[in-house]
Amino acid sequence: MISFSMPASRTHPLAEVPTSPSVDQTGVEERVARFKTRSIKENAKMGALELILSMIDLTTLEGMDTPAKVRQLCAKAMHLHDELPGLPQVAAICVYPTLVGTARNALTGSGIKVASVATGFPSGQMPLKLRLAETRSAVSEGADEVDMVISRGRFLRGEYTYTYDEIAAVKQACGDAHLKVILETGELQTLDNVRRASDIALYAGGDFIKTSTGKVQPSATMEVTLVMLQALRDFYRRTGQIRGMKPAGGISTAKLAISYLVMLRETLGQDWLTPRLFRFGASRLANDVLLQIAKQRTGVYQSADYFSEA
Amino acid sequence: MAKKKKPTLNFATDWSYAPAPESTDHVTIENRYDLFIGGKFVPPSKGNYFNTINPATEKRLSSVAEAEKTDVNRAVKAARTAYDKYWSKLTATERGKYIFRIARVLQERAREFAVIESLDGGKPIRESRDIDVPLAAAHFFYYAGWADKLEYAFPGRTAEPVGVAGQVIPWNFPLLMAAWKIAPALAAGNTVVLKPAETTPLTALKLAELLRDIDLPPGVVNIVTGAGNTGAALVNHPGIDKIAFTGSTAVGKIIQKAVAGTDKKYTLELGGKAANIVFEDAAIDQAVEGIVNGIFFNQGHVCCAGSRLFVQESIHDELIDRLKDRMETLIVGDPLDKNTDIGAINSKMQLKRINAYLKIGTAEGAELYQSACAVPEKGYWCRPTLFLNASQSHRIVQEEIFGPVLAVQTFRTVDEAISKANNTPFGLSAGVWSDKGAKVFKVSNQMRAGVVWANTFNKFDPSSPFGGYKESGVGREGGVHGLLPYVRLT
Amino acid sequence: MKKPVERIPVQKTYKLYIGGAFPRTESGRFYKVEDGRGKLLANMCQASRKDFRNAVVAARKAFSDWAGRSAYNRGQILYRVAEILETRRDQFVAELKSQGLPITAARGEVDQSIEQLVYYAGWADKYQQVFSTVNPVSSSHFNFSILEPTGVVGILAPATPSLLGIVATMAPVVCGGNSCVVLASETKPLCSITLAEVLETSDFPAGVVNILTGTRSELLEQFATHMDINAIVYCGDDAAELRVVQEGASLNVKRVVHCTDTVAADPYRILEAQEVKTTWHPIGA
C-alpha cells in the first residue's frame, strides 16, 4: 500500500524547496515580445532550423491511433525528407503506452528514442496505484522516456506535498527511464502557479519539466516557457544540477520555434542548446522546418505538396 | 574542504545571430538641407552649412543649414504671420484634421523615419522602429483630437492659444521630441519655430518635408537648424510668446534666467538621476528586466533613465547575479542591425563625458563591472556598465552621466529607500518594484518625482503626463496637462 | 446608323449586417423603398425578431474583445471609417439624393457624418481623462473611479437624418468600447447598409456594429425587452413608443437614453453608455 503519511519526527522534503519567486505577467509578456524581435538570418537561421529538427519529439496521441499509424510516424521520423541530405534526426517519438512496443520495433537501429505518456494521460484522474503500474508497464515495453501528468486539482487546492510525492513516486517507477513532468500550464492558469509547479517538479526529481498535454488550450506559450526556463536556471544555480524542458503543443511554425530557441539561448545559454535538454513536442512543426530548410538551400518558397505527411 | 565552484551560465554560444541589417535603399537623404521657413526650404542668410554624421561609422550623412539671428527672425515672423492671418482664423475642427494628417502620414512613412533616426543618432533600429516612430505618430494622433475639444480640458475656463512657440529639442529622441513639442502647440492653436539638436537634425527636416506634403499652411511650423547660438537667438527673440526646452539642467537654468523680466511662458524638461528601487518582495526576474530597460534603453541617453539602482540588501547578490547574466545577452553594435540592443553613443563629446565618469567612479571607490561583449572598431561605443557598492556621496551617484552606466546601492528599510531616492536636486522619475500593492502606493506617494513607474519602467504614452519636480524641470508634456503650457486661460 | 448600346447597370441587393457578414433576413420578407416619384429604389430586408436575436448574440460575442482594445486602437479605427467614408462621399450623396434629399443637404449630411467620426475618433483616448476621478477619501486608501463600457447597446436610429442619425448615435457608443445593434430609419434605409460596407472595410471587428433594416412597430418591443441588452438609445418623439421602451427596459434595468437632439456631437453621449467603477486600495507598507 502506498501511503504519504510522514512519521512525526521528519519534515517533508518540500520544506527544502525554496519559496518560488512571484512572477509579473506583464513583465514576462514584454520580455517575450522582445525575444520575438530578434531577426535570425542566413547561417544563423540554418543552424537554428537544424537544431530545432534535432529537438523534435514527433508525437501522435489520438484516441484513434493504431499500430499502422505509429509505424508510419516512425517511418517519417527515420526519413524526414530524403531529398535533403545531411539532415539531423528527430529526438524521439511520443506515443501512448499501448503502442510503445510497436514504436520500439519500428525504430530499431535508428537511435531515435521512444517516449511514452503515462499516469492517466491526459487528465491524470486515476488512482496513484494504477498510474504507477502504467508507468512501469510503459518502461517494460521499452520506453526510454516517460511523460507524466501532475494532478492539477490537488495542486490547485494547495496540496503541494502531494504533488511532490506523486512526482517522486513516478520517478522511482521509471527506473532508468527519463521522466518528463507535464504541468498542464493551461489549467494552472497563472504564471505564479507555473513557477511553483516547476520548482516542485525539479526538486522532486523530474528530469524534464514539460508545459502541456496538447489536449487543453492554451498549450505551450512563450510566456509559460520563459517562466519554466527561469525555474531551471535558478535550480541549476542553487544545486548545480542540470535539467531539461519541453514546450508541447501549439508550436507549428519554424518561425515560432526559432523564437523559442532565442529565448532558450538568452535564458540558459550554450549548455542547454541540445536535444538532451530541450525538446519540442510537435507534429506539424517538422514539415514546416523542412520547408524552411529547403527554401534556405534552394532560395525558392516551397509547397507542402512536396513533403511527406507523417 | 574546497569551496564548490558556483554554477555559471555560458552565453557565448556556438549558435550566434548572423548580421540582420535593416535595408536602407528605400530611404532618401538629401546631400544638403536648407532651413524650413514659411512652408519652403530656404538657404541660410550667411550660406553656412555644417555636417551631420553617423556616430556608428563616423561618416557624413548630409549637411544642414546654420541659422543665424536673421534667419531665426525670418522664421519667427513667418510663424507670426501664419498665426495672425490663417491659423488663428481656422476652425478648431479643421486645425485638428491637419494634425490627424501628420499622424497618418508619419505612420505611412514610418520605416524611412526609423532608419534615418538610427543613422543620424545611433539608436538601435529596433527602438526607433518599435518605439520612437510609433510613439511620435501616436502623439500627433492624440493631440489632433484635442483641437476642437479644448472646452472640456479646463473646467470653468476658456482656452486661447498663446501665439508663437519657440521650441528647442535634444538629440536623444529627435523625432519623438519634435512630436511632443509640435503636436500640443498646434492643437491649442499656436504656430511654431523649432530648433532640433545639432547632431540630430535629419528627422526634423524629413518631418518638414512631410508637413509640406500634407499642405500644412505655410509658416505654421518652421524648422531652423543650428547649434547653441541658434537656440539662444530663438529663446531670446522678442516675438516668441512661449518657450519649450528639453535638454540639460545647466542650459535650462540659463534659459530661465534669460526670460526673467519678460512675459514669456516657458516649460523646461531637464536632466534626471532617477532612483529605481527594488524591494525583496519584487517579482525578481521582471525587476531585472525593468532595470535593464531603465538604464540601457537608448544607450542610457534618457533624462528619466533609472540610473541609480537601490536594491534591498537581502536580495542584492541574487539580483546582481541575474542582472549580470542578462547583461551578457545584450548586443552592442551597428544601430541598423535588427538584433542590436545598445547602439552608438550619440557623439564623440558624449562618449568622452561618459568615459570621464567611468574614471571618476573607479577613483571614488565604486566597483566597475562591464559585460564581455564585442564592440565595433569605428564609431562611438560604451559597453553596458555597473558601478557596484556605490554610495550616496559618490559623484557617479549624484551627477547625471547620460550613458549606459548604472550606480548600485543597497538599502534596508522602506523609509531609507524613500529618503535616499529623494535626496537629490533632480526629480524627474522613479521606479518601485514590489509585489505588495499597499507598499507600491505608499512609496510612490512619497517619491518627489514627476513620473513614478511601479513594476515597470520607461513607459510612455501620449495621454500620460511627463515632466519633473525640482531641477528636473517645470511643466508637463502629454495628456490633458500637456495642453496647459500652450494656452491662455480666461 | 447604329444606336449606341445602353449599358445595363447591375442593381444592388441590400441585405442586413450581422456579425461582420451580410446575411438576408431569415424570414425572407422584404419591403419596398421608392423614390419620391414611385420608382423602386430597393427591396429592403424586413428583419425579423430572429435576425434581431442573432444580432444581439453577435454583438455580445464581439463585446469583450472590443472593450479590451486600447483606446488608441478604437480611435484609429473610427478615424479609418472617416477615411473610407470620405472616399465614398459621392456614393452616399447620390444615395441620399435618390431618397429625396436636395443635393446641398445631402452633401452637408455626408460631410457632417465624416466630421462626427473624426470627432469621436479623437475622443476615444480622452473621455476617460475628462470623466474619471481620483477621490480624496479620508482613510489611507488610493481611491479612483473610472468609466467602463456598459456592454451591448440597442439603438433605434432616427427616421431622419438617415445617415447622420446612425453615425451620431453609433459612434459615441462604440468609441466608448460598447458593441451595438442598430435599427435603421424605416423610410430611408439605404445609407445604413452602405455604411455597413464602410464599417466592414475599416478594420472594425465583426459584430461590434450590427445594422438591421425593418419596421419599428415590429421590432421596438424586441429591442426594449431583450434581457441581454444593457442600454437602449431611443431616437424619436412618440410618447407611446418611448413608453414601450421604458417599460421593457425595466425587465433587466436597461439604461434608457431618450435622444432628442439626434445630430449633436457631444462627449456626454459617450458617458451615457458607460458605467462607473470605483476601486479602493490601501496605502501603507
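The values are calculated or read from the model by the stated rules, or taken from the named source; none is laboratory data. The model shown is predicted, which means the values in this text are computed figures rather than measured ones. Note that we place each Cβ from the backbone using ideal geometry, even for glycine, and neighbour counts take in every protein chain shown. We work out accessible area using only protein heavy atoms, side chains counted, and drop any ligands, DNA or RNA first. Shrake-Rupley method; radii C 1.70, N 1.55, O 1.52, S 1.80 Å.
So, counting K/R as plus one and D/E as minus one, what does the shell of residues with Cβ under 12 Å around C:Val233 add up to?
Net of charged neighbours comes to +2.
Report, as an integer, the average count of C-beta atoms from other chains found within 10 Å of each Cβ along B:8-21.
For this peptide, the per-residue mean of nearby foreign Cβ atoms is 6.
Roughly how many nanometres apart are two label points built 7 Å out from the Cα toward the Cβ at A:Lys295 and A:Gln89?
With each label placed 7 Å out from Cα toward Cβ, I get 2.9 nm.
Please report the projected area of the stretch B:408-490's Cα convex hull averaged over all directions, in nm².
Projected over every direction and averaged, the Cα hull of the stretch B:408-490 covers 6.7 nm².
Averaged over A:267-280, how many beta carbons belonging to a partner chain fall within 10 Å of each residue's beta carbon?
So the per-residue partner count for this stretch is 3.
Using all Cα-Cα distances in the protein assembly as shown, what percent lands in each 20 angstrom bin from 0 up to the longest?
With a bin width of 20 Å, the distribution comes to 11, 33, 37, 17, 1, 0.
Can you give the relative contact order of the stretch A:41-306 as a percent, counting alpha carbon pairs under 8 Å and 6+ residues apart?
After rounding, I find 18 percent.
Chains B and C: what accessible area do they bury, summed, in square angstrom to the nearest 100, with a 1.4 Å probe? Each step should come with its number before you reach the end.
Values: alone 20560 and 13980 Å², together 32270 Å².
Roughly 2300 Å² of accessible surface disappears when B and C pair.
List the residues, sorted by chain then number, that are 5 or more residues from B:Asn222 or on another chain and whose placed amide H is less than 5 Å from its amide H.
When sequence neighbours closer than 5 places are left aside, the close amide H contacts are B:Val192, B:Val193, B:Leu194.
Do any GluC sites (Glu not before Pro) in the stretch B:15-122 lie in a loop, going by DSSP, with at most 12 other beta-carbon atoms within 10 Å of their beta carbon, and if so which?
B:Glu58
Take the alpha carbon atoms of the stretch C:1-123, find their radius of gyration, then divide it by 2.2 N^0.38 Å using N residues; give the quotient.
On the way: Rg = 18.7 Å, N = 123, 2.2 N^0.38 = 13.7 Å.
This ratio for the stretch C:1-123 stands at 1.37.
Could you work out the local net charge near B:Thr52, counting Lys and Arg as +1, Asp and Glu as -1, over the other residues with Cβ closer than 10 Å to its Cβ?
Cβ neighbours under 10 Å give a net charge of -1.
What are the extents of the Cα atoms of the stretch B:275-454 along their three principal axes, in Å, largest first?
49, 30, 29
First measure r as the distance between the Cβ atoms of B:Lys359 and B:Lys253, then evaluate 1/(1 + (r/R0)^6) with R0 = 30 Å and state the FRET efficiency to the nearest 0.05. Write out the running numbers ahead of the final one.
Values: r = 27 Å, r/R0 = 0.89.
Once rounded, the FRET efficiency stands at 0.65.
Pull up all non-local amide H partners of C:Ala42: gap of 5 or more, or a different chain, and H-to-H distance under 5 Å with H placed in the peptide plane.
Correct list: C:Val33.
Would you calculate a helix-derived [θ] at 222 nm for chain B, using -39,500 (n - 2.57) for each DSSP H run of n ≥ 4 and dividing by the full residue count, to the nearest 500?
For chain B, the value works out to -10500 deg cm²/dmol.
How many lysine pairs are close in the stretch B:275-454, with Cα atoms under 20 Å apart and the two 8 or more places apart or on different chains?
6
Would you calculate a helix-derived [θ] at 222 nm for chain A, using -39,500 (n - 2.57) for each DSSP H run of n ≥ 4 and dividing by the full residue count, to the nearest 500?
Calculated mean residue ellipticity at 222 nm is -14000 deg cm²/dmol.
Please compute the Kirkwood hydrodynamic radius over chain B, one decimal place, Å, based on all pairs of different Cα atoms. Show your work: numbers first, answer last.
Working: mean 1/r = 0.0430 Å⁻¹.
Its Kirkwood hydrodynamic radius stands at 23.2 Å.
Calculate, for chain B, the solvent-accessible area per residue in square angstrom, rolling a 1.4 angstrom probe over the heavy atoms of the protein chains.
Value for chain B: 36 Å² per residue.
How far apart, in nanometres, would the label points at B:Glu367 and C:Ile8 be if each is projected 7 angstrom from Cα along the Cα-to-Cβ direction?
My value for the distance between the label points is 9.0 nm.
Kirkwood-based Rg over Rh for the stretch C:141-233 (C-alpha set), two decimals?
1.03
For peptide C:122-132, how many partner chain Cβ atoms fall within 10 Å of a residue's Cβ, on average? Walk me through the numbers before you get to the answer.
Values: counts 15, 4, 3, 8, 9, 2, 1, 8, 5, 1, 0.
Whole-number average of other-chain Cβ neighbours for C:122-132 is 5.
Using the beta-carbon distance between C:Ser140 and A:His79 and R0 = 60 Å, what value does 1/(1 + (r/R0)^6) give for FRET efficiency, to the nearest 0.05? Kindly include the intermediate steps, with their values, before the conclusion.
On the way: r = 70 Å, r/R0 = 1.17.
Taking R0 as 60 Å, the efficiency between C:Ser140 and A:His79 is 0.30.
What is the Rg over Rh value, at two decimals, for chain A, using alpha-carbon atoms and the Kirkwood definition of Rh?
Taking Rg over the Kirkwood Rh, I get 0.97.
Report Rg (one decimal) and Dmax (nearest whole number) for the stretch C:44-274, counting Cα atoms only, units Å.
17.5, 64
Mind listing P(r) for the stretch C:67-172? All alpha-carbon pairs, 5 Å bins, whole percents.
Values per bin, smallest distances first: 2, 11, 17, 18, 16, 11, 8, 6, 4, 3, 2, 1, 1.
Let me have the relative contact order for the stretch B:341-490, percent, based on Cα pairs under 8 Å that are six or more residues apart.
After rounding, I find 15 percent.
Could you sort A:197-207, A:12-22, B:300-310 so that the peptide with the highest average Cβ count within 10 Å comes first and the rest follow in order?
B:300-310, A:197-207, A:12-22
Calculate one ³J(HN,Hα) per residue across the stretch A:259-264 by plugging θ = phi - 60° into the Karplus curve 6.51 cos²θ - 1.76 cosθ + 1.60, and present them in order as whole Hz with x for glycine and proline.
4, 4, 5, 4, 5, 5
Enter the accessible area per residue of chain A (Å², integer; probe 1.4 Å; all protein chains in place).
Accessible area per residue, chain A: 41 Å².
For a paramagnetic label modelled at 7 Å from the Cα of B:Tyr86 toward its Cβ, which residues of the stretch B:203-220 fall within the zone defined by backbone nitrogen distances under 16 Å?
Answer for the stretch B:203-220: B:208-220.
For the stretch C:44-274, what is the percent of antiparallel DSSP beta bridges, rounded to the nearest 5? Let's see the in-between values first.
On the way: 3 of 21 bridges.
Of those bridges, close to 15 percent are antiparallel.
Rg and Dmax of the stretch B:367-422, using alpha carbons, in Å: what are they?
That works out to 14.3, 47 Å for Rg and Dmax.
Find out how many positive minus negative residues lie around B:Ala244, taking Lys and Arg as positive, Asp and Glu as negative, among other residues whose Cβ is under 14 Å from that of B:Ala244.
The answer is +3.
Based on DSSP H runs of at least 4 residues, each adding -39500 (n - 2.57), what is the mean residue ellipticity at 222 nm of chain C after dividing by all its residues, to the nearest 500 deg cm²/dmol? Each step should come with its number before you reach the end.
On the way: 10 runs with 121 residues, N = 285.
Roughly -13000 deg cm²/dmol at 222 nm, from the helical runs in chain C.
Kindly tabulate the residues in the stretch B:414-454 with an accessible-area decrease of at least 40 Å² between the chain alone and the assembly of all protein chains, using a probe of 1.4 Å.
Residues shielded by partner chains are B:Ala438, B:Phe441, B:Lys442.
If R0 is 35 Å, what FRET efficiency do you get for A:Arg238 and B:Asp415 from their C-beta distance, rounded to 0.05?
Values: r = 32 Å, r/R0 = 0.91.
FRET efficiency, A:Arg238 to B:Asp415: 0.65.
Using the alpha carbon gyration tensor of the stretch A:198-310, what are the three equivalent-ellipsoid semi-axes (square root of 5 times each eigenvalue), largest first, in whole Å? Before the final figure, lay out the partial values.
Details: eigenvalues 174, 49, 23 Å².
One finds semi-axes of 29, 16, 11 Å for the stretch A:198-310.
What order do you get for A:269-280, B:124-135 when each peptide is scored by the mean count of other beta carbon atoms within 10 Å, highest first? Can you show the working numbers first?
Details: A:269-280: 19.8, B:124-135: 22.8.
Highest mean packing first, the order is B:124-135, A:269-280.
Using only the heavy atoms of the protein chains and a 1.4 Å probe, how would A:Lys255, B:Lys195, C:Lys32 rank by accessible area, largest first?
My answer, sorted largest first, is A:Lys255, C:Lys32, B:Lys195.
Considering amide H positions built from the backbone, and no H for Pro or chain starts, which residues 5 or more places from B:Ile53, or on another chain, come under 5 Å of its amide H?
Residues meeting the criterion, in which the H sits 1.01 Å from N, are B:Leu61.
Provide C:Trp280, B:Trp87, B:Trp171 ordered by accessible surface of protein heavy atoms (probe 1.4 Å), highest first.
The ordering from most to least exposed comes out as C:Trp280, B:Trp171, B:Trp87.
Each residue of the stretch A:213-219 in turn: what ³J(HN,Hα) in whole Hz from Karplus with 6.51, -1.76, 1.60 and θ = phi - 60°, glycine and Pro shown as x?
7, x, 9, 10, 9, x, 8
Enter the buried accessible area of the B/A pair, total of both sides, probe 1.4 Å, in Å² rounded to the nearest 100.
The buried area between B and A, both sides summed, comes to about 3300 Å².
Computed over the Cα atoms of the stretch B:1-74, what is the ratio Rg over Rh, Rh following Kirkwood? Before the final figure, lay out each step's value.
Working: Rg = 24.8 Å, Rh = 17.4 Å.
Result: Rg/Rh = 1.43.
How far apart, in nm, are the 7 Å Cα→Cβ label points at B:Thr8 and C:Arg89?
Label at B:Thr8, label at C:Arg89, 6.9 nm between them.
Rounded to the nearest percent, how much of the accessible area of the stretch C:44-274 (1.4 Å probe, protein heavy atoms only) is carbon and sulfur?
That share works out to 53 percent.
Return the sequence-ordered ³J(HN,Hα) values of the stretch B:303-308 in whole Hz as given by the Karplus equation 6.51 cos²θ - 1.76 cosθ + 1.60 applied to θ = phi - 60°, using x for Gly and Pro.
4, 9, 4, x, 9, 10
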